[in-house]
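Enquirer: First, the structure itself, so that you have it in front of you.
What follows draws every value from the coordinates through simple rules; no lab data is involved. Keep in mind it's a predicted model, so treat the numbers as computed, not measured. Note that we place each Cβ from the backbone using ideal geometry, even for glycine, and neighbour counts take in every protein chain shown.
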């Protein structure tokens, strides 16, 4: 049995009984019922994953997955492909947005190469999971072979396992870097949902009207050419996906298989989570959505994954920046559940308190 | 000159030059322009307040202001008035939502009594700023005298000054506790905006349809009776306000006069901020909105104050719970501005980096 198959088999439903106990405790706290809004069900879900009301998110980890895309040859991005590897160096040197926000949120920042078009030296402190130096241009041929798609996913699973060797992970966040990668991500949601590309496509890092037309046409052409079978997530990933997107799917599967809640970031991370959830629907129970991205397709992904994002900051960056900020709110949710006293504990409503 | 007048005179515009420098640095960072969404202009505003790009929010303080309301006799709230003083004890004992979330966010939690219907012992560790034991029922008579309204505001200013004796405050958050206090808050926004009460009124802690009808009628009746002059914020506060709302206004004025950014929480805190901004429009430059509350009137308040909330968590609790969570995001905004490297600093786009 392959690592992918073994991992999928290890994903179990979270603890429904603990979820009910958590919801009951939240209802009985000395405040109006439901007054802490969307943090309440999220707290209950975190308890169900932990199998306990006493959840503590001590070790938080973000993995930013990088890859390049043959489809950038079509002119779908504002930045040249070289920016992908340059940003990997920026991550390693600690000067990028994810380093700054990861530090702010108390999360370890890790970088993984799944398919950057650059020869990184083996001693560079990143996860070396390169499948190939960029995908093929999926307007003309599949982005990658099925074997390569499996490799990219298994690379993500392996990263979780390696990270676990250093101790328990209480929350994992996913992030991405890859010039052009909103194009495959949008193609993936279009493939799974069957929704019109025009409704899903966005401006990525900020392309103009002309490039947006090209991007839309490119995705439609690729889907018409490959006609990926939406019941076969490996085919979707192989035909119109990306190596880092496979890696992101692997991170989600690896986290779910090890009982770790996982926060997915923007459009690309969520595309990876979608692939994971198509392989293993139970993985959705471990998933949290960080933020509403500016990208139109993101909303449809969240609907499909039945997730409510905790932030709406008009982000369109990726890297895991939204996910690490959301970690703070999810951490707050655990404190709400554990630490706010119930009416009985403070005896409000009778005179014992005074 | 009164403390209120002196404080208003001390409120100066923030540093527009530093604001421009901040926006320029944000634009030049190694990421797509504008990709960190609403946190970018907020970071620039925090820099303008600090007069420096190197903003550090070390000491964060929240003040939760409590008061009672004569208008609860009309049946506008789900909870009995006793809950106000009981919650003050809950705050002091550290078991309430604001204690839990304040600790999570690294903010000192302070409680202030501006008009609770209970005799707290002087040794209780709260700010003792009681004006009276609850306002009068404003359906029949003004909630308080003009003198009492001034006292409540000056109580808030004094709290800021007392807190400053222990050292610089880098960010202040406001919060409220007072059974029935969405009713005066909604009356205040109706008085200033002239908007129909039906569009502004909400369910507070969760009242049903019948109580909502009563609440709407009560506010309309009070406004018809007192017809407060909207150009006279003291009259608005005195006729349909509350003591803790005056205190909240005083906190905002005191913070602005001392160059401290201030995050206002839900409907009641924002009503206090509205009063402050009517006294001193420049105070708006120091104001930040934490979250969109479930209350309809909150949106109109934010529009009037020209503020964009950073969170949308479907909160309807008060106490300062949204404000302390927003502090973490504002803190993140300062890190974004200071710590993310510019393209020039990392030399992306040329080959120096590799």
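Enquirer: Treat the stretch B:169-226 as a sphere of radius equal to its Kirkwood radius over Cα pairs and apply Stokes-Einstein at 4 °C in a medium of 1.567 mPa s; give the translational diffusion coefficient in µm²/s, rounded to a whole number. Don't skip to the end; give the middle numbers.
Expert: Values: Rh = 12.5 Å.
Taking Rh from Cα pairs, D becomes 104 µm²/s.
Enquirer: In whole percent, what relative contact order does chain B give with Cα contacts below 8 Å and a gap of six or more residues?
Expert: 25
Enquirer: Here is a follow-up. Compactness ratio of the protein assembly as shown: Cα Rg over 2.2 N^0.38 Å, N = residue count?
Expert: Values: Rg = 26.7 Å, N = 708, 2.2 N^0.38 = 26.6 Å.
Normalised Cα radius of gyration, the protein assembly as shown: 1.00.
Enquirer: Report the full-extension gain for the segment residue B:92 to residue B:9: residue separation times 0.36 nm, less the Cα-Cα distance, to one decimal in nm.
Expert: Full-extension gain reported as 26.4 nm.
Enquirer: May I pose another question? Using 1/(1 + (r/R0)^6) with R0 = 25 angstrom and r between the beta carbons of residue A:108 and residue B:343, what's the FRET efficiency to the nearest 0.05?
Expert: Working: r = 26 Å, r/R0 = 1.05.
Once rounded, the FRET efficiency stands at 0.45.
Enquirer: Determine by what factor the alpha-carbon radius of gyration of the stretch B:265-350 differs from 2.2 N^0.38 Å, reporting the quotient.
Expert: 1.36
Enquirer: Taking the Cα atoms of the stretch A:265-313, what is the range of coordinates along each of the three principal axes, in descending order and whole Å?
Expert: The Cα atoms of the stretch A:265-313 stretch 30, 17, 14 Å along their principal axes.
Enquirer: How large are Rg and Dmax for the stretch B:204-354 when calculated on the C-alpha trace, in angstrom?
Expert: For the stretch B:204-354, the Cα-based Rg and Dmax read 19.8, 74 Å.
Enquirer: For chain B, take the longest principal axis of its alpha carbons; what is the angle in degrees between that and the long axis of helix B:267-279, to the nearest 10 within 0 to 90?
Expert: Helix B:267-279 and the main axis of chain B meet at about 80 degrees.
Enquirer: With a cut-off of 8 Å between alpha carbons and a minimum separation of six or more residues, what is the relative contact order of the stretch A:86-217 in percent?
Expert: Values: 88 pairs, mean separation 17.8, N = 132.
Taking the mean separation of contacting Cα pairs over the length of the stretch A:86-217, I get 13 percent.
Enquirer: For the stretch A:1-62, what is the Kirkwood estimate of the hydrodynamic radius, computed as the reciprocal of the mean inverse distance between distinct Cα atoms, to one decimal in Å? Present the calculation step by step, with values, prior to reporting the outcome.
Expert: On the way: mean 1/r = 0.0746 Å⁻¹.
For the stretch A:1-62, inverting the mean 1/r across all distinct Cα pairs yields 13.4 Å.
Enquirer: Roughly how tilted is helix B:243-257, in degrees to the nearest 10 and between 0 and 90, from the longest Cα axis of chain B?
Expert: Here the helix axis deviates by roughly 30 degrees.
Enquirer: Another one. Considering only C-alpha atoms, what is the centroid distance from the stretch B:38-76 to the stretch A:208-272, in Å?
Expert: Distance between centres, Cα-based: 40 Å.
Enquirer: I need the semi-axes of the equivalent ellipsoid of the stretch B:23-104: take the C-alpha gyration tensor, multiply each eigenvalue by 5, square-root it, list largest first in whole angstrom.
Expert: They are 41, 16, 12 Å, listed largest first.
Enquirer: How large is log10 of I(q)/I(0) for the stretch A:52-146 at q = 0.11, 0.16, 0.24 Å⁻¹ when the intensity is taken from the Debye formula with one equal scatterer per alpha-carbon?
Expert: Cα-only, vacuum Debye calculation for the stretch A:52-146: -0.41, -0.75, -1.21.
Enquirer: Can you work out D for chain A in µm² s⁻¹ from Stokes-Einstein, where Rh is the Kirkwood radius over C-alpha pairs, the temperature is 4 °C and the viscosity is 1.567 mPa s?
Expert: 64
Enquirer: Give the relative contact order (percent, whole number) for the stretch A:208-354; include only Cα pairs under 8 Å separated by 6+ residues.
Expert: Worked out over the stretch A:208-354, it gives 18 percent.
Enquirer: Calculate the spin-label point distance for residue B:165 paired with residue B:147, positioning each point 7 Å from the Cα along the beta-carbon direction, and give it in nanometres.
Expert: Between residue B:147 and residue B:165, the label points sit 2.6 nm apart.
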